[in-house]
Amino acid sequence: MTMSKTLIRGAKVLGGDVQDVLIDGGTIAEVGTGLSAEGATVIEADGQILLPGLVDLHTHLREPGREDSETVLTGTRAAASGGYTAVFAMANTHPVADTAGVVEQVYRLGKESGYCDVQPIGAVTVGLEGKKLAELGAMHDSAAGVTVFSDDGKCVDDAVIMRRALEYVKAFGGVVAQHAQEPRLTEGAQMNEGVVSAELGLGGWPAVAEESIIARDVLLAEHVGSRVHICHLSTAGSVEIVRWAKSRGIDVTAEVTPHHLLLTDELVRSYNPVYKVNPPLRTEKDVLALREALADGTIDIVATDHAPHPHEDKDCEWAAAAMGMVGLETALSVVQRTMVETGLLDWAGVADRMSFAPARIGRAQGHGRPVSAGEPANLTLVDPAYRGVVDPADFASRSRNTPYEGRELPGRVTHTFLRGRATVVDGKLA
Amino acid sequence: MMRHLISAADLTRDDAVQILDTAEEMARVADRPIKKLPTLRGRTICNLFFEDSTRTRISFEAAEKRLSADVINFAAKGSSVSKGESLKDTAQTLEAMGVDAVVIRHSASGAPYRLATSGWIDAPVINAGDGTHQHPTQALLDAFTMRRRLVGRDAGLGQDLAGKRITLVGDVLHSRVARSNVDLLHTLGAEVTLVAPPTLVPVGVETWPCDVSYDLDGVLPKSDAVMMLRVQRERMNAAFFPTEREYSRRYGLDGERMAKMPEHAIVMHPGPMVRGMEITAEVADSDRCTVVEQVANGVSIRMAVLYLLLGGNDSDSATPARTEESK
Ligand SMILES: [Zn+2]
């Protein structure tokens, strides 16, 4: 890394006052007005928004095992394009990231990519099978330093296993991130259970299958004095349970995906599998409750659940299609549309929900830090006035399964800095 | 007329009445010594069956042959279909072969809609039953049967089913027949009541244009037609109901229950019937039961649908209304 200087001139830091930010090497050297540009590359921000580099607590990078849909390299390039400087890589790879060996491999691939930091998530149970605890301590003690554990894609549905996992990771400050899905209630589930599923004749995924697990897990967390994180919370009922848990002082955090903030199950009427995702798209009422909850802090963070799939896994009938959507490159735009433009959140709030809070939950070192002198220069510059139509052909991700194709979304990441080095310049990967 | 027939909900009242009237014309063809019309001569129709259904396939095939179409039967059950890609591959193969229409049966809800809208194929698509979604020609043949019996074969021409009280009994949750019938019967002005154990009624049914009751005996005296839906015995293994015997006792139709229906009321069943469980042999074999008629009417309805979707834009096609017998 060349220890060069960069001056970002005239940026609204966290959407506030217009300031200059001088980056020297990997660090923010100075924040102020009228800073000297001597010896520095100058970026005229022209009132664009400067945020701390975004942190995604829920990314599927697919490597090892499904390199046809994404690799650590393509996934981190997509992340940088979307303004991210750190991503947490989910454990449901092939082989599963349930040993120190696999998490170290993913960690090393992230280091080599250079586009954003990759923090592997370890599986809670061996093979994601929900039966036997994986070597959580060994993964934590490995070079990857795993602190977040999840069987995501599958729910840790056995109450005893979940209780033990919650207790066990306390020894090293870990957290279990639960994919809340009661398996028996969701056998054959294809979409949200309700008015639309009744008409379309697609198997229902009832809200109660998510809510009952969340209710159980917050009570377990309270009982054993652990913290628990809820992945991709998707229903109004889940919001109420988490709100209640927080009011009791239970150490629970929760995430919402961009797509659950914007899209509803009405889209499934097209039978287009690009809208097939788990948990499924819910109703308008749920969408509004999720936005409210993200605004008032009941939901702590936005996480993408970026889930790349090859074209053929979506170019088929609904029942045969894979679940999931890519999200890294559209997340900030969707949050701007659903939260900022609706007046629910200001840019400082966006910085909190997409950088400070996820870094705190995942214990990501050097990320989610204030934009001030002496801090690591992990930064994202956003042009909120930009309007563009989503074209998947522009994606850096290897996969194209976006539900936003052809939609106009606001905002664009113009620059991303990872420890002072530009990974994105003028909207293009560096 | 529309280009495809995917869902009964897509039909307007006038579309539906036109199909029923055309089916009456087609039924006359069946009464002639030579049961063939030249309408679709030189046109190729593929019956694309990803799910076994000999009855429905034979019905479509008979309809196609009576209209002089060339018929390709493609049964794709099993191995290759487990991967969804084969629907697209098969569609593109048929497109390359210049097929003029595709009749599709598929175990996945929405597969015909996908086929019609994905750009994989240009030809009209006719849904012959998809998953637990729709089976529009079944609903049309049921409506045709009801109109003949409750309004009259000649008196019914141009008419809908306004004010008729239709009761559907059984496994609504897993039934494409129920969904199609609710949509079409509502469009035709009938009053529909669904009767089932609450476990077999879908969450979200409240927006359907019908009533829901759990009390068969209360509904029977107010029914002009009672349609018994097929109930698979295996459902009791998933706790939808406790035993076959209890199901029969609460929701089965036997002679005693049939006597509670008005004198003119008919009993219908989409077939194949499970005698003993949802319907007793006494009821199934009575002259109020229209099961055999429904089969015959199915051919007429499918001829009408094929004729209207494919024949209408063909200048030299023979219109059945202009044949000797029907003048
Ligand atoms: Zn998940």
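At a glance:
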{"quantity": "Efficiency of FRET from Cβ geometry, residue A:44 and residue B:236, R₀ 60 Å, rounded to 0.05", "calculated": "0.25"}
{"quantity": "Trypsin sites (Lys or Arg not before Pro) restricted to DSSP loop in the range B:81-173 with at most 11 other C-beta within 10 Å", "calculated": "B:153"}
{"quantity": "Förster-model FRET efficiency, 35 Å R0, residue A:285 and residue B:260, C-beta, rounded to 0.05", "calculated": "0.25"}
{"quantity": "Cα-based radius of gyration of the range B:149-227 once divided by 2.2 N^0.38 Å, which approximates compact folds", "calculated": "1.11"}
{"quantity": "Rg(Cα) / (2.2 N^0.38 Å) computed for chain B, rounded to two decimals", "calculated": "0.99"}
{"quantity": "Shielding score for A:418-424, defined as the mean number of other chain Cβ atoms within 10 Å", "calculated": "0"}
{"quantity": "Shielding score for B:194-200, defined as the mean number of other chain Cβ atoms within 10 Å", "calculated": "0"}
{"quantity": "Cα long-axis angle, helix A:72-81 against chain A (0 to 90 degrees, to the nearest 10)", "calculated": "60"}
{"quantity": "Alpha-carbon centroid distance for the pair the range A:125-196 / the range A:344-416, whole angstrom", "calculated": "27"}
{"quantity": "Two-decimal Rg to Rh for the range A:54-362 - Kirkwood Rh, Cα set", "calculated": "0.93"}
{"quantity": "Average partner coverage of A:161-168, which counts Cβ from other chains inside 10 Å", "calculated": "0"}
{"quantity": "Peptide ranges A:375-387, A:292-304 listed from the most packed, as the mean C-beta count within 10 angstrom indicates", "calculated": "A:292-304, A:375-387"}
{"quantity": "Pairwise centroid distance, computed over Cα atoms, of the range B:182-205 with the range B:1-49, Å", "calculated": "26"}
{"quantity": "Rg and Dmax [Cα atoms of the range A:36-138; Å; Rg one decimal, Dmax integer]", "calculated": "17.0, 61"}
{"quantity": "Range of Cα positions in the protein assembly as shown per principal axis (Å), largest first", "calculated": "98, 59, 44"}
{"quantity": "Over 18 Å [Cα-Cα, the range B:190-296], rounded percent", "calculated": "49"}
{"quantity": "Label-point separation in nm, residue B:157 to residue B:95, each point 7 Å along Cα→Cβ", "calculated": "4.2"}
{"quantity": "Candidate lysines for bridging to residue B:164, where Cα separation is under 28 Å - those fewer than 8 sequence places away on the same chain excluded", "calculated": "B:222, B:260"}
{"quantity": "Equivalent ellipsoid dimensions for the range A:170-249 as semi-axes, Å, which come from the Cα gyration tensor, largest first", "calculated": "28, 13, 9"}
{"quantity": "In degrees, nearest ten, helix A:159-168 long axis to first principal axis of chain A (Cα)", "calculated": "30"}
{"quantity": "Highest-MSF residue in chain B out of B:97, B:273, B:146 [GNM, Cα springs under 10 Å]", "calculated": "B:97"}
{"quantity": "Cα centroid of the range A:295-331 to Cα centroid of the range B:110-147, whole Å", "calculated": "30"}
{"quantity": "Cα-based Rg / Dmax (Å) for the range A:329-423", "calculated": "14.4, 42"}
{"quantity": "Backbone N within the range B:169-195 under 19 Å of label point (7 Å from residue B:12 Cα along the Cβ vector)", "calculated": "B:183-190"}
{"quantity": "Segment residue B:281-residue B:122, extension gain: residue separation times 0.36 nm, minus the distance between their alpha carbons", "calculated": "52.7 nm"}
{"quantity": "Greater than 22 Å apart at Cα, pairs in B:65/B:88; A:132/A:154; A:131/A:170; A:132/A:314", "calculated": "B:65/B:88; A:132/A:314"}
{"quantity": "Distance between modelled label sites at residue A:143 and residue A:295, nm, 7 Å Cα→Cβ extension", "calculated": "4.7"}
{"quantity": "Linear extension gain, residue A:126 paired with residue A:269, 0.36 nm per residue minus alpha-carbon span", "calculated": "47.7 nm"}
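None of the figures in this text is laboratory data; all of them are computed from the coordinates on show. Here the structure is a predicted model, which is why all the values come from computation and not from measurement. In this analysis, Cβ positions are derived from the backbone assuming ideal geometry, glycine residues included, and neighbour counts consider all displayed protein chains.
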